[in-house]
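Participant: Below is a structure I'd like to ask you about.
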Amino acid sequence: MFGKVDLSVSSYDTAWVAMVPARGSPSQPCFPGCLDWVMRNQHPNGSWGLDRSNPFLVKDSLLSTLASLLVLHKWRVGEQLVQKGLDFIGSNYFQVNDKHQPSPIGFDIVFPGMVNQAKDLGLNLPLDPALVDVMLRNADHKVQSFRGKTSCLAYVAEAFGEAYNWKDVMVHQRRNGSLFNSPATTAASLIHLPDDKSFEYLRSVLNIYGSAVPTVYPFDIYSRLCLVDSIEKLGIDRYFRCETEGVLNATYRCWQQRNEEIFLDVACCAIAFRLLRMNGYEVESDALAEFVDQEYFFTTISLQFTNTSTILELYEAAQIRIYPKEPILEKIHEWTGTYLKSELLHGGIHNERLMDEVKYALEYSIHNVDRMENRRSICLYDADNFGMLKTSHRCSNIHNGVIFTFAAKDFNNYQAIHREELQLLEKWIRESKLDSLELDRHVLYSSYFMVATAHYAPEYSDARIAWSKICVIGTILDDMFDIDGSREELLNIIELVKKWDEHPNVGYCSERIKIAFSALYKTINTDLAPKAFTKQELSEEVLNSQEYANLFYYVGRVVRPWNDYRSDKRESGQRKLNLCSLLVKQSNGSLTEEDAKKEVMKIIECNRRELLRRVLQTRGSLVPKVVKESIWKLSKLTHYLNANGDEFRTPGRGKDDIQKIFYEPIHLSRTYNS
């Protein structure tokens, strides 16, 4: 997976490279190997493209087929291939206006432009003249809408032929000699404007790929970051620590060098920022400053970066705010979030998988629950997934059946372990007689869910059991103090805890106090205390450090306000003060209850940022990374448990989530194209 990036070649781009005339011999192709490749790679149905069998790639096939026909007709070769290609276009051109078909970027401009070029070359296309007229008018309208947006049109400059000012396009040439890292655009410019750097770029790509080219090059940094992101979301990143660290270290070096592959690619810049910052690398949000304004973004950014996938990358990057004021990220977060919601509302996203990703990002943002995200990502994983730029492409490093099978089996194996642990906990409740205290069974499942979704690996088994037991007992005692415990019982509990090993001298005032305290005493003394010393890796220096104390201080500043936010209505009815009611009281009438709850959310967000900053801090840090990650996961679970009611005591969607995480295995019966 982490070896050479395996990116599919593009019929469309290869055809454009094959159109470049030889220097000093314009009647011959400069890259004859590309022409040979086009002639060898027509599909049986007469089309060219990534996947002739995919019903969602018809527009892509039409575009690649037309480009291939142009090059064959230009060099007067492959007459039979041309006829088969014309037949394919004649049978499928009606789908040009199908809005439910995924469109290559710039398709509405490039395809009509190539139709005009075919006409100029004397290639008669079997198209309905009325359809062609409508298509050309729509293309003209689209071009007019991009007036003044030179980057947008330059990316699809091959659509305009000799009529375009190619010297203006060359201002976008990169250090590697390409235009937008696009072999097609670079080749088109070379047809009309000879340039040594452009020529060397194409030759360097062919030296790597042979007689064909991909639709984008280079693609290494972005593809490797996508792989790191993917295996993390699939929950298998722990198996690839060294590899992911190598990718991130290399990316950080490129970031510090302002590498064009990152900083001239919006999606790559966004995912690099997100992954680097979330892994403790010091990266500043200034790198995203040019994306702050929505209107400026769509006016100046190249067309290939204005799609929904890129906007989603920006939105997710803008979530990683760790300072009290990060105006760049806040503004990006605001407009990208509004844009994505609008796309969902108005049906602007036709890809179901992308639609699901957008919905998930908007709902959970940075507060995802690890194991829920893992299961969702595995179930949505498509080894045959393709990306879409000017034409479709597939990267087998990121999407392949081996990754899916490995992730699904890994999830199912851990699920079996979790079910066994739940059975042990259910047995413990019966043996401890805690079930006689009218304990809601959801408390056990919610307690275990909290820890198992964050720490699901086998080596955390003792921790999961311990956490769950303490949560169950703590909930019972909390209910006594909050709801139905008599004064005598509460004083009895306090005295028993104070005496601890000498508790037999105190005695029990009721049977339920005996059951609750006995469970607490035995769990701590017999189960937890001995195990706490079996592998103690935190030194006294760490435990006594201000850094360690601050982490717990700020997680408390997130957890406690969330509890008050969720329980405000109930506690107000009981005439108990909490943060919400205190804010109303202290405002002397200037704050309503709703205003106070908004202020509480601001407090939570402010402390969440500070907590995340301290979790991600590496310079001078004493606290081990795994400890800090555990604290951060606790804050995310708090959001899950409180954002939509009390998911701990009265789970709503939590019931379904518990079922999916612990009792519904992921089916492995999928087949993929090779």
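No value in this document is a laboratory result; all are computed from the given coordinates. This is a predicted model, so every value here is computed, not measured. Positions of Cβ are generated from backbone atoms using ideal geometry, with glycine treated the same way; all protein chains shown enter the neighbour counts.
Participant: Within the set of other residues whose C-beta is less than 11 Å from the C-beta of Ile398, count the net charge using Lys and Arg as +1 and Asp and Glu as -1.
Facilitator: -1
Participant: Is the shape of the chain best called rounded, prolate or oblate, per the rule: a/c under 1.5 gives rounded, else a/b larger than b/c gives prolate, else oblate, with a ≥ b ≥ c the square roots of the Cα gyration tensor eigenvalues?
Facilitator: prolate
Participant: The stretch 456-497 to the stretch 146-213: how many Å between their Cα centroids?
Facilitator: So the two Cα centres are separated by 67 Å.
Participant: Among Gln294, Gln304, Trp335, flag the residue with its Cα farthest along the positive direction of the charge dipole of the stretch 290-346, charges on Cβ as +1 for Lys/Arg and -1 for Asp/Glu.
Facilitator: Looking along the dipole axis, the top candidate is Trp335.
Participant: Something else about it: Based on the alpha-carbon gyration tensor of the stretch 465-507 and its eigenvalue square roots a ≥ b ≥ c, which shape applies: rounded if a/c is under 1.5, prolate if not and a/b is larger than b/c, or oblate?
Facilitator: Oblate.
Participant: Quick one: grab Rg to one decimal and Dmax as a whole number for the stretch 435-516, Cα atoms only, in Å.
Facilitator: In order Rg, Dmax, the Cα atoms of the stretch 435-516 give 14.9, 43 Å.
Participant: Follow-up. Add +1 for every Lys or Arg and -1 for every Asp or Glu among the other residues with Cβ under 12 Å from the Cβ of Asn181, and state the total.
Facilitator: Neighbourhood net charge equals -2.
Participant: Also, I was wondering about something else. What is the calculated FRET efficiency for Ser27 to Asn54, with r their C-beta to C-beta distance and R₀ = 51 Å, to the nearest 0.05?
Facilitator: The calculated FRET efficiency here is 0.85.
Participant: Order these peptides, 73-84, 469-480, by their mean beta-carbon neighbour count within 10 angstrom, highest first. If you can, show how the numbers build up before the last one.
Facilitator: On the way: 73-84: 15.2, 469-480: 18.6.
Peptide ranking by packing, descending: 469-480, 73-84.
Participant: Looking at this model, which pairs from Lys233/Lys660; Lys331/Lys597; Lys597/Lys628 are more than 20 angstrom apart at the alpha-carbon?
Facilitator: Lys331/Lys597; Lys597/Lys628
Participant: Further, regarding this structure: What angle, in degrees between 0 and 90 and rounded to the nearest 10, separates the Cα long axis of helix 546-573 from the longest principal axis of the Cα atoms of the chain?
Facilitator: Its long axis makes an angle of about 80 degrees.
Participant: Still on this structure: What size of dipole, in debye to the nearest 20, comes out for the chain about its Cα centre when the only charges are +1 on Lys and Arg C-beta atoms and -1 on Asp and Glu C-beta atoms?
Facilitator: About 260 debye.
Participant: Still on this structure, please answer the following. Taking only Cα atoms, what is the 0 to 90° angle, nearest 10, from helix 487-499's long axis to the longest principal axis of the chain?
Facilitator: 80 degrees
Participant: Then there's this: For every other residue with a beta carbon closer than 12 angstrom to the beta carbon of Ala466, add +1 if it is Lys or Arg and -1 if Asp or Glu, then tell me the sum.
Facilitator: Working: positive: Arg464, Lys469, Lys531; negative: Glu421, Asp462, Asp527.
Value of the local net charge: 0.
Participant: I need the shape label for the stretch 489-626. Rule: rounded when a/c is under 1.5, else prolate if a/b > b/c, else oblate, with a, b, c from the alpha carbon gyration tensor.
Facilitator: oblate
Participant: Which value in nm describes the separation of the simple spin-label points at Glu260 and Phe2, placed 7 Å from the Cα toward the beta carbon?
Facilitator: 2.9 nm
Participant: Using the Cα atoms of the stretch 178-284 to build a convex hull, what is its mean projected area in square nanometres?
Facilitator: Answer in nm², one decimal: 8.0.
Participant: May I pose another question? Give me the tail of P(r) for the stretch 37-196 as a percent: Cα-Cα pairs with distance above 28 Å. Write out the running numbers ahead of the final one.
Facilitator: Details: 2602 of 12720 pairs.
Percent of Cα pairs beyond 28 Å in the stretch 37-196: 20.
Participant: Okay, next question. On a straight-distance basis, which aspartates and glutamates could pair with Lys119 in a cross-link, Cα separation under 20 angstrom, same-chain partners fewer than 8 positions away excluded?
Facilitator: Counting by Cα, and skipping residues close in sequence, Lys119 has these aspartates and glutamates nearby: Glu79, Asp87, Asp108, Asp128, Asp133, Asp140, Glu158, Glu162.
Participant: To continue, here is another question. On a full-extension model of 0.36 nm per residue, what is the gain between Lys325 and His503, subtracting their alpha-carbon distance, rounded to one decimal in nm?
Facilitator: Length difference between fully extended and current span is 58.9 nm.
Participant: When 1/r is averaged over all different Cα pairs and the result inverted, which Kirkwood radius in Å belongs to the stretch 281-429?
Facilitator: 18.1 Å
Participant: Compute the helix-to-body angle for 196-209: its Cα long axis versus the longest principal axis of the chain, expressed 0 to 90° and rounded to tens.
Facilitator: 60 degrees
Participant: Find how much the distance from Leu424 to Leu345 grows on full extension, using 0.36 nm per residue of separation minus their present alpha carbon separation; answer in nm with one decimal.
Facilitator: Between Leu424 and Leu345, full extension yields 23.8 nm more.
Participant: Next question. Given an 8 Å cut-off on Cα distances and at least 6 residues of separation, report the relative contact order of the stretch 477-516 as a percent.
Facilitator: Values: 20 pairs, mean separation 14.4, N = 40.
Answer for the stretch 477-516 is 36 percent.
Participant: Hey, if you drop one equal point scatterer on each alpha-carbon of the stretch 341-428 and run the Debye formula without solvent, what base-10 log of I(q)/I(0) do you get at q = 0.13, 0.17, 0.18 Å⁻¹?
Facilitator: Computed log10 I(q)/I(0) values: -0.62, -0.91, -0.98.
Participant: For the stretch 581-622, with the dipole built from +1 on Lys and Arg beta-carbon atoms and -1 on Asp and Glu ones, taken about the Cα centre, which of Leu591, Met601, Leu612 lies farthest toward the positive end?
Facilitator: The Cα lying farthest towards the positive end belongs to Leu612.
Participant: In whole angstrom, and with the biggest value first, how far do the Cα coordinates of the stretch 500-561 range along each principal axis?
Facilitator: Largest first, the stretch 500-561 extends 43, 35, 17 Å along its Cα principal axes.
Participant: Under 12 Å Cα-Cα from Lys325, which aspartates and glutamates qualify once same-chain neighbours fewer than 8 residues away are excluded?
Facilitator: Glu605, Glu610
Participant: Given the Cα-Cα distance of Leu362 and Ala289 and 0.36 nm per residue of separation, how much length would full extension add, in nm? Mind showing how you got there, number by number?
Facilitator: Numbers: separation 73, 0.36 × 73 = 26.28 nm, distance 2.19 nm.
Net length gain for the segment: 24.1 nm.
Participant: Pop a pseudo-label 7 angstrom from the Cα along the beta-carbon direction at both Lys142 and Lys119 and give the gap in nm to one decimal.
Facilitator: About 1.6 nm, to one decimal.
Participant: When the dipole is taken about the Cα centre of the stretch 89-196, and only Lys, Arg (+1) and Asp, Glu (-1) are charged at their Cβ, what size is it in debye, to the nearest 20? Mind dumping the intermediate values first?
Facilitator: Working: 9 positive and 11 negative charges, 74 e Å.
Its charge dipole is roughly 360 debye.
Participant: So, R0 is 56 Å and r is the distance between the beta-carbons of Val134 and Asn544; what FRET efficiency does that work out to, to 0.05? Provide the component values of the computation, followed by the final result.
Facilitator: Working: r = 75 Å, r/R0 = 1.35.
For Val134 and Asn544, the calculated efficiency is 0.15.
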